[in-house]
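Below is one structure, written out as structure tokens; comments come after it.
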Amino acid sequence: MRPTERFFDQVNSSFDKAAVLTEHPVGLLDQIKQCNSVYHVTFPLERDDGTIEVLHAWRALHSSHKLPAKGGIRFAPTVSEDEVMALAALMTYKCAIVDVPFGGAKGGVQFDRTGYSLEEIERITRRFTFELINKNFIGPGVDVPAPDYGTGPQEMAWIVDTFMTMVPEELHGAGCVTGKPLAQGGVRGRLEATGRGVFFGIRETLRDPDALAALGLEPGIDGKRVVIQGLGNVGYFTAKFLAEAGARIIAIAERDGAITNDAGLDIEGVREHLTETGGVRGFPGATGTLETSAEALELECDVLVPAALEGVITSDNVERIRAPIIAEAANGPLSAKASDALHERGVLCLPDLFLNAGGVTASYFEWLKNLAHVRFGRMEKRYQESSHRRLLDAVTQATGHRFPDAVVAEIAAGADEEDLVNSGLEETMIGAYHTISETARSLGTDLRSAAFKTAIDKVAVVYTERGIFP
Ligand code: NAD
């Protein structure tokens, strides 16, 4: 299901709703809202059978109030100019909310990767990178892509290799893209960061007595019934972390329909089945099957997590949604009208521009690592360990109490890169949740408007302090 309204208009309609809560001049608000530039390129692909096909690709730079700009590259047949502009705008606001000092960008190539060989996908990725280099739409200080729908670490590795081959003099070349494999300058924890961030956001909501009282839900994740749409990068890690914390994943929807089990589905098992068969149907641990992915959105549950594509909840199906909490793991899964209707009904929507910001937060850490040319924790891990041990020894000497070896090992351990990335992510997501929920409460508005207002204020400050708008 696709929204009938343009996606960029949907984002701007949320922006306008929040803009009236601010006191910024109209011209400044307009500058923040516009998409600064869009690059549309077509290029030929030689298919494996020797035929030539022309592909369309875009990169949108929504805001350069801070540079580099940041945003994923997606490979999907639905990619369009409107889509990349909307997603680039969301990136601007997302980065502002989580205090990641980047402007917003997004890109994509319009094709369905399931119909192409790996070699063809490599040629597409490298050619698109080449086109971006040509027009200065990529670089560690200019614009830094990342994975998104239909792309992952492999595509990021091809991008960095192409960039470093074409621009060998760039000292910080590894920082031209994030979400890379470790050996290419990636950071530990990035792969699962978006899903982990979604998990932190949901966990914080389920700890918030004010939010839960209004929904009539008991605090805590344990036993909460969750429906996940899309078991890709974001959906899989969200489901995994929620299940590990005690939630029951009662339904998983994929392209071929959905499977259910009220006792909870085994996430690893479903993921394996999906990899082997290309779908979720037929998974032996399921007790029920739904014909379409859309039907799963209408199931009774505590938390609904759309983690696939945008525009899946619109005026067409909003009346049938029964979840009290909707966690927007994907970008733009709710149309602006559907979001308003759900808020009217008292449904709590955790907006995408906050909830899936974990990916860009870890990307920021990866970019910092690439600029510093040193792994996080390399300088301090052993130092921390020995100072913790000295402290424990001092306690033992003073009290005569000897700690068991396992306890010493646990307390003394210094933080490694993954610990630091996950800790930075947790701090960011918890802080952002409280900022937007307090704003929402004080203004009597929904979380989406509160998130947009927070973002608008932060971007506005950058422009006004520079003196562009005296
Ligand atoms: P992905 O390609 O890894 O996974 C998407 C999954 O959705 C796939 O398993 C696909 O088969 C499934 N899918 C496709 N159509 C479906 C349908 N109609 N019903 C159910 N499932 C369907 O992509 P991803 O990286 O997980 O991205 C998912 C969403 O999260 C996108 O909106 C993306 O913009 C957003 N997002 C991703 C990241 C990231 O770090 N990857 C960060 C922020 C936001």
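General remarks:
- Using 0.36 nm per residue and subtracting the Cα-Cα separation, the extra length available between Ser315 and Gln34 on full extension is 98.5 nm.
- Between Ser386 and Thr287, full extension at 0.36 nm per residue minus the direct alpha carbon distance yields a gain of 30.4 nm.
- From phi via Karplus (6.51, -1.76, 1.60), per-residue ³J(HN,Hα) for the stretch 99-114 in Hz, x at Gly/Pro: 6, 9, x, 10, x, x, 8, 6, x, x, 10, 8, 6, 9, 4, 5
- Each of Ala409, Phe354, Pro44 was placed along the dipole of the chain (beta-carbon charges, centred on the mean Cα), and the one lying farthest toward the positive end is Ala409.
- Projecting the Cα atoms of Pro333, Ala251, Leu274 onto the dipole axis of the chain, where Lys and Arg carry +1 and Asp and Glu carry -1 at the beta carbon, places Pro333 farthest toward the positive end.
- Taking amide H atoms as placed 1.01 Å from N in the peptide plane, the amide H of Ala76 lies under 5 Å from those of Val109, Phe111, each 5 or more residues away in sequence or on another chain.
- For the stretch 144-261, the relative contact order comes to 18 percent (Cα pairs under 8 Å, sequence separation of at least 6).
- For Thr51 and Glu272, the FRET efficiency from 1/(1 + (r/R0)^6), where r spans their Cβ atoms and R0 equals 30 Å, is about 0.30.
- Cα gyration tensor shape for the stretch 227-272, rounded if a/c is under 1.5, else prolate or oblate: oblate
- FRET efficiency, Val395 to Arg441 (Cβ-Cβ, R0 41 Å, nearest 0.05): 0.45
- Across the stretch 307-315, computed HN-Hα scalar couplings (Karplus, 6.51 cos²θ - 1.76 cosθ + 1.60, θ = phi - 60°) run 10, 10, 10, 7, x, 8, 10, 10, 4 Hz from first to last residue, x flagging Gly and Pro.
- Quotient of Cα Rg and 2.2 N^0.38 Å for the chain, N being how many residues it contains: 1.00
- Relative contact order (%) - criterion: Cα under 8 Å, at least six apart; region: the chain: 16
- Electrostatic dipole magnitude of the stretch 107-199 [Cβ: Lys, Arg +1; Asp, Glu -1; Cα centre; debye, to 20]: 220
- Each residue of the stretch 58-72 was assigned a 3J(HN,Hα) from its phi angle through the Karplus expression (A = 6.51, B = -1.76, C = 1.60, θ = phi - 60°), giving 9, 9, 10, 10, 6, 8, 10, 4, 9, 10, x, 8, 9, x, x Hz with x at Gly and Pro.
- Sequence-distant residues sharing a close amide H with Ala146 (under 5 Å, placed H): Gly71, Gly72, Ile73, Thr178
- For Leu55, residues with placed amide H under 5 Å, excluding near neighbours: Phe43, Leu45
- Over 13 Å [Cα-Cα, the stretch 68-110], rounded percent: 46
- For Lys337, a cut-off of 16 angstrom between C-alpha atoms picks up these aspartates and glutamates, skipping any fewer than 8 places away in its own chain: Glu5, Asp9, Asp16, Glu310, Asp316, Glu319, Glu328, Asp352, Asp446.
- Counting every alpha-carbon pair across the stretch 353-470, the share separated by more than 20 Å comes to 64%.
- For the stretch 127-171, applying the loop criterion from DSSP together with a ceiling of 14 other beta carbons within 10 Å to the GluC sites (Glu not before Pro) yields Glu169.
- Each label point was placed 7 Å from the Cα along the Cα-to-Cβ direction; for Glu344 and Glu169 their separation is 6.0 nm.
- Cα gyration tensor shape for the stretch 47-187, rounded if a/c is under 1.5, else prolate or oblate: oblate
- Cα convex hull of the stretch 71-149 - mean projected area over all directions, nm²: 5.3
- Think of the stretch 80-129 as a dipole: +1 on every Lys or Arg Cβ, -1 on every Asp or Glu Cβ, centred on the Cα centre; then among Thr125, Pro101, Thr114, Pro101 lies furthest on the positive end.
- Under 25 Å from Lys180, Cα to Cα: lysines that are on another chain or at least 8 residues apart: Lys66, Lys70, Lys94, Lys106, Lys135, Lys240, Lys369, Lys381
- The stretch 365-394: GluC sites (Glu not before Pro) in DSSP loop, at most 16 other beta carbons within 10 Å: Glu380
- Fewest-first sequence of Val177, Val54, Val347, Val187 by Cβ atoms within 10 Å of each Cβ: Val54, Val347, Val187, Val177
Every read-out reported here was derived from the displayed coordinates using simple, explicitly stated rules and does not represent laboratory data. None of these values were measured; they are calculated from a predicted model. Cβ sites come from the backbone with ideal geometry, for glycine too, and all protein chains shown count toward neighbours.
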